[in-house]
Structure formats: structure tokens, C-alpha cells
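Below: one structure, written as C-alpha cells.
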Amino acid sequence: MKNEKIEALLGHVIGCETGLLEPLPLTGDPQQVDLQTRDAHRESGGRMPWTNPGDDAASRKAYTRIRDQLARDRQVEVTNGGKTVRLTPEGRDAAARLCGLPTLEDALPLLDFMADPANDALRWTGGELSEATLANLEPTHREGTVGKCRLPDSFLPVVDCILPLLAAGLADWRPCGYSGLFLYSLTEAGRALAERRRAEGKAKPSAWPKVRRKFAKIKTRSPAATDSYCDASEAAKQARESATLTNSIRQHLDPSDPPEAATA
């Protein structure tokens, strides 16, 4: 039971992070809060508010003890008197493996693909690549009618594989008006890593399709971790959709037009 609770807590924390970072079509105040929250997550090295998954006093106390043990094992870091927590790289990888999700190492071919000059003709004017491109579809792919999924199942592993890059501060995303597409780009740290991998002969952009196929179906190793992950990520996403801006800071997203090849 103790191991199950440890796995559940790791699933919970990575679920909170996923729900915080996963692309969502937000507008207005929720979008502004979202931009600020993502900046804070990246600038702090991944710190998030600590939420306890326990449903009564005894289980909450047990999860707090497990959290502190994970901190001693260097799987998480606890700060601000227990009010904030972050997964270490080792802890994030361990949690991802329990849930059957890609680790950062798994996702590096996607980073290489995003940085590959061979894809320059597919970039939007802001330098981004659309999630449709990453799913091997046309940059402005449209499918279905209102109320239906904008992309086929081939885009699902794109989301799962971009998340380790988002969590590590190596990539970022933005919304786009083309059929609900999201656009992805590398951060300064992501570009630096991609350049270093290319210079060292480690870059493998051609491996990205294989990685995408590998994670087309998630195979969990721990039902407890996966259940906790799903609950936490869904709660975090719902909270983002109703977030209220509490300051006057507003960020502006410059327009980004599709590749010329897509509009020719």
C-alpha cells in the first residue's frame, strides 16, 4: 500500500504540472493568467503550489509525509514552508515512467525536429511549427465540424511528447485562430540545447516519427499513478479555464501567419 501511495503522489504532482502546462484554447483573463503562470513556472525551474490529494485528515497527513520522503530522496523539492513543490528532473522522469508517458530523454528527437533547418519552410512567421506539422499533417490542417476533434488521433502523442519539453523550460506554445491549432516553438534554452546536440552529433530529427508512433498508445505501469495523474491534470485544467486576473499586467501575442507554402 505504501508503494501505491508513493506512486499515486508522483502521479498527482506530474498531473498538476501537466494540467498547468498543457495547451488550452483560452481567451480573456484566463489567457492572461495562463501566460503569467507559465512564465513563473519556467523562471522558477518548475515550482507549483502544493496541493494535497488526500480526501481526509489521515490521508492528507500520510501524503505530506510521503512528499517529504520524496524530497529526501531528491524526487521533489519542497519550498516556501511546504506551500510550493517542484519535481526534480529525476522525479519527473520517474513519474512519467509510472504513467507510461514520455520522459525528457524520450522527447529529445522532437526538440531536434523543431530545431531542424529542414523544416524552415513549414514555420509560421513567428518561427513556430504547428501541432499539425508535428503530427505529419498540413500546417493548417482542418478536420471535422464544430464540436468535433480538430485533429485526428495522430496529434495526441504530439501533446504528450511536447509536455516534457514544456516542463523543462525548453519549449513554449501559443494559440492560433486556424481551426484551434496550437503553435509550438523552442525557448532560448531549448534552442541552445538543440544547437549543442547538433554540434555534438547527437541530434536525431529523423527519429521523431518513430517516437510519435511509440507513444500513440499509453501503457501505464502504475494504475494508482495514472488515476492520480488524470484527476490532478483535469482539475488543474478546469481551474485555468475560470482563472481571474488579479493584477494589471497584460501580455500581447503578436500575429503569426501560416507558412507561404500552406497558403499558395
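Points to keep in mind about this one:
- Restricting the stretch 223-264 to residues that are part of a loop (DSSP other than H, G, I, E, B) and hydrophobic (A, V, I, L, M, F, W, C) leaves a set whose member that is surrounded by the most Cβ atoms within 10 Å (Cβ to Cβ) is ALA243.
- Taken together, ASP172, ASP160 contain a single residue that is assigned to a strand (DSSP E or B), within 18 Å of the chain's Cα centre (by Cα) and modelled with pLDDT of 95 or more, which is ASP172.
- Boolean, PRO49 is in contact (Cβ under 8 Å) with a residue 60 or more places away in the chain and outside the structural domain of TRP208 (by TED's automatic domain parsing): no
Every residue, every condition in (1) in a helix (DSSP H, G or I); (2) assigned by TED's automatic domain parsing to the domain that holds ASP231; (3) free of Cβ contacts under 8 Å to residues at least 60 places away in the same chain; (4) touching a strand residue (DSSP E or B) at 6+ places or on another chain (Cβ under 8 Å), yes or no:
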| site | (1), (2), (3), (4) |
| --- | --- |
| VAL13 | yes, yes, no, yes |
| GLY19 | yes, yes, no, no |
| GLN36 | yes, yes, no, no |
| THR64 | yes, yes, yes, no |
| ARG67 | yes, yes, yes, yes |
| GLU77 | no, yes, yes, yes |
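- Cβ-Cβ under 9 Å pairs, at least 6 apart or on other chains, the stretch 199-219 side of a type in the set (Ser, Thr, Tyr), far side assigned to a helix (DSSP H, G or I): SER206/PRO109; SER206/ASP112; SER206/PHE113
Condition check ((1) modelled with pLDDT of 95 or more; (2) surrounded by fewer than 21 Cβ atoms within 10 Å (Cβ to Cβ); (3) under 24 Å from GLU4 (Cβ atoms)) across all residues:
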residue: GLY81; (1), (2), (3): yes, yes, no
residue: ALA96; (1), (2), (3): yes, no, yes
residue: GLY100; (1), (2), (3): yes, yes, yes
residue: LEU108; (1), (2), (3): yes, no, no
residue: THR125; (1), (2), (3): no, yes, no
residue: SER130; (1), (2), (3): no, no, no
residue: PRO139; (1), (2), (3): no, no, no
residue: CYS149; (1), (2), (3): no, yes, no
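- The single condition among (1) over 18 Å from TYR184 (Cα atoms); (2) in contact (Cβ under 8 Å) with a residue 60 or more places away in the chain; (3) of a type in the set (D, E, K, R) that ASP257 does not meet is (1).
The values are calculated or read from the model by the stated rules, or taken from the named source; none is laboratory data. In this text the structure is predicted, and so the values were computed from the model without any measurement. No Cβ is skipped: glycine too gets one built from the backbone with ideal geometry, and neighbour counts run over all protein chains shown.
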